[in-house]
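The values are calculated or read from the model by the stated rules, or taken from the named source; none is laboratory data. Bear in mind the structure is a predicted one, so any value in this text is a computation, not a measurement. Every residue, glycine as well, gets a Cβ built from its backbone with ideal geometry; the counts of neighbours run over all protein chains shown.
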Amino acid sequence: MNKRLPVLLRQAAGLAAIVAFWQWAAAAGHLNPLYMPAPSSVAAVLIELFVGGTIWPHLIATFSAALGGLVIGLGVGSALGVAAALTPYLGELLEPVMIGLNAVPRVVLAPLFVIWFGIGLGSKVALAVILVSVLVFFTVFTGIRGVDRRLVERVTTLGGGWRDLLREVYLPSVTAWVLGNLKVAVGFAFTGAVVGEFVASTKGLGYLLSFAQSNYNSALMIALIVLIMGFVLLIFALTGWLERRLLRWRG
Amino acid sequence: MLRVKELALSYGTTPVLEGVSLEVPTGKFVSLVGPSGSGKSSLLRAVIGLEKPLAGNVTGDFDAGEIGILFQDDALLPWRDAEQNVALGLRLKGVDQGSALATARQWLTRLGLYGLSERWPRQLSGGQRKRVALAQVLAREPKLLLMDEPFASLDAIVRARVTGDLVRLVEQRGISVLLVTHDLEEALALSDTIYLLSHGPRAQIAGRYDVTLPRPRDPMTVRTHPDFAPLLARLWADLSREVGGRAA
């Protein structure tokens with residue numbers, strides 16, 4: 001911690017300098033508030049969102065979609081990845097489908113999901129699921145195929161069957177790979193939720209962004225971006241903690 | 001007794017072993033030496049069942065659960081601490097978790113790892129990891145131990161100590177051993193019988209040597225026994241012939 005503290009202080013000082021410069025430029029009239037409002041205006045909007053209580057239903061909607069999509073996506077991606085890696089026939093079928101899904105920017109599916117699942121929570125969760133599960137599938141699929149054969153042989157020669165292999169070798173390996181990619185998955189889940197809301201919805205941070213855009217409300221847009229960034233960073237910190245705790249054996 | 005009879009093995013179209021027969025009598029220490037690439041490890045893998053032989057068979061009066069296997073890689077699960085790794089061997093044999101952990105701790109202590117039970121494999125030195133792997137195998141009380149250059153990666157002092165501990169335990173418990181090694185001195189110091197595998201492909205048993213050095217044996221001091229040097233010279237000459245005089 002002692003070594004990190006000076007780095008953190010320097011980073012905080014750098015950020016503060018940029019914000020101060022931005023505030024000064026806005027106050028001096030160098031920035032058009034229609035496009036680039038002052039940080040103080042953005043902060044005022046943020047405070048108003050929380051004090052007035054407007055933000056809560058939107059936050060809950062986005063978080064429900066993102067976390068729901070994250071959990072389901074992790075489950076679906078891991079299960080398919082394990083099944084495809086351990087069952088060659090299934091692997092042959094699933095791999096091209098996943099490669100196809102990976103080849104397109106999956107957010108293009110958002111309008112289709114609105115038709116399929118409606119403008120409610122379902123279409124947002126579905127988009128987050130498809131974004132997360134393809135990532136997790138490849139992580140797990142390639143990970144299991146590359147699992148240390150010596151460990152597999154060790155458990156086998158100790159008399160372990162496929163259940164023991166799954167529990168003692170594959171699942172811990174999968175956990176390590178998935179946790180290693182959890183931050184990217186969290187980012188994908190929020191992308192899915194917000195983009196889904198942006199396309200069609202009645203609430204959520206994506207909906208608010210769309211609303212702010214149609215009103216040329218730059219301060220609200222920047223406030224929402226800062227808010228999303230803040231929450232995602234908070235979740236990153238939580239996943240980092242989880243990773244350190246569950247992967248202590250890695251050191 | 002473990003009996004390998006007329007074993008033939010190939011990798012694809014490349015023949016490796018042909019008509020290999022050897023025996024490991026109960027309670028005896030048998031080593032298999034031979035030129036690099038002759039198929040020593042392949043023979044052991046066939047005995048274990050990791051390779052399917054083309055012909056011949058492997059028979060023995062052991063259950064699968066009574067065979068202990070130790071390879072050059074210690075292959076400890078990195079996400080299990082030392083005692084859990086040792087206990088794993090017992091749990092896979094049907095021992096409940098509590099008893100398995102208690103036995104694991106006893107074996108770790110016996111092998112000089114007292115106080116290191118809760119270390120992750122990455123926190124252990126090469127010698128300590130090897131002892132954990134050895135504890136994992138010995139805790140299952142095997143009747144037959146199959147080893148493929150298990151201590152090759154260790155430095156000389158650590159290797160001598162771990163080998164000494166192994167010999168003591170094998171002698172005390174009457175465990176039968178088949179060891180694959182390229183180290184002739186080690187083979188002589190440890191074994192009752194040594195088989196020499198010929199140069200591949202189609203390697204065969206080119207010689208069998210009975211070692212009559214006294215037991216119990218200290219693998220280090222036995223090297224000063226008057227019978228040791230002549231036997232080593234004979235083995236060395238035969239092995240050199242097998243590799244076409246390139247051994248020197």
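Of all the listed residues (B:ALA102, B:ALA55, B:ALA46), the sole one being more than 11 Å from every other protein chain (Cβ to nearest Cβ), touching a strand residue (DSSP E or B) at 6+ places or on another chain (Cβ under 7 Å) and farther than 22 Å from B:VAL177 by Cβ is B:ALA55. Taking segment A:1-114 and the helices (runs of 4 or more DSSP H) fully enclosed by it, the elements with 3 or more residues that are of a type outside the set (A, V, I, L, M), closer than 28 Å to A:PHE211 by Cβ and out of contact with any Phe, Trp or Tyr (no Cβ under 8 Å at 6 or more places or on another chain) are at A:39-51, A:55-86.
Residues that are of a type in the set (A, V, I, L, M) and under 16 Å from A:ARG167 (Cα atoms) were ranked within segment B:87-108; the one that is surrounded by the fewest Cβ atoms within 10 Å (Cβ to Cβ) is B:LEU92.
The strands (runs of 3 or more DSSP E) found wholly in segment B:1-67 and carrying at least 1 residues that are among the hydrophobic types (A, V, I, L, M, F, W, C) and over 18 Å from the mean Cα position of the chain (by Cα) occupy B:2-11, B:14-24, B:55-60. Any residue in segment B:160-171 that is within 14 Å of another protein chain (Cβ to nearest Cβ), out of contact with any Ser or Thr (no Cβ under 9 Å at 6 or more places or on another chain), modelled with pLDDT under 90 and surrounded by fewer than 21 Cβ atoms within 10 Å (Cβ to Cβ)? No, because not a single residue in segment B:160-171 is within 14 Å of another protein chain (Cβ to nearest Cβ), out of contact with any Ser or Thr (no Cβ under 9 Å at 6 or more places or on another chain), modelled with pLDDT under 90 and surrounded by fewer than 21 Cβ atoms within 10 Å (Cβ to Cβ). Count of segment A:70-90 residues, restricted to those that are closer than 14 Å to A:VAL129 by Cα, of a type outside the set (S, T, N, Q) and crowded, with 19+ Cβ neighbours inside 10 Å, is 5.
Looking at segment B:139-243, the helices (runs of 4 or more DSSP H) lying wholly inside it that each contain 1 or more residues that are under 30 Å from B:THR109 (Cα atoms) and of a type in the set (Asp, Glu) sit at B:156-173, B:184-190. Filtered by the rule that a residue be under 16 Å from A:GLY159 (Cβ atoms), free of Cβ contacts under 8 Å to residues at least 24 places away in the same chain and outside any helix (DSSP H, G or I), segment B:76-132 gives B:LEU92, B:GLY94, B:VAL95, B:ASP96.
Conditions (1) modelled with pLDDT under 95; (2) away from chain A (no Cβ under 14 Å), marked per residue:
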{"position": "B:ASN85", "(1), (2)": "no, no"}
{"position": "B:GLY89", "(1), (2)": "yes, no"}
{"position": "B:GLY94", "(1), (2)": "yes, no"}
{"position": "B:TRP107", "(1), (2)": "yes, yes"}
{"position": "B:ARG110", "(1), (2)": "yes, yes"}
{"position": "B:GLY115", "(1), (2)": "yes, yes"}
{"position": "B:GLU118", "(1), (2)": "yes, no"}
{"position": "B:GLN128", "(1), (2)": "yes, yes"}
{"position": "B:GLN136", "(1), (2)": "yes, no"}
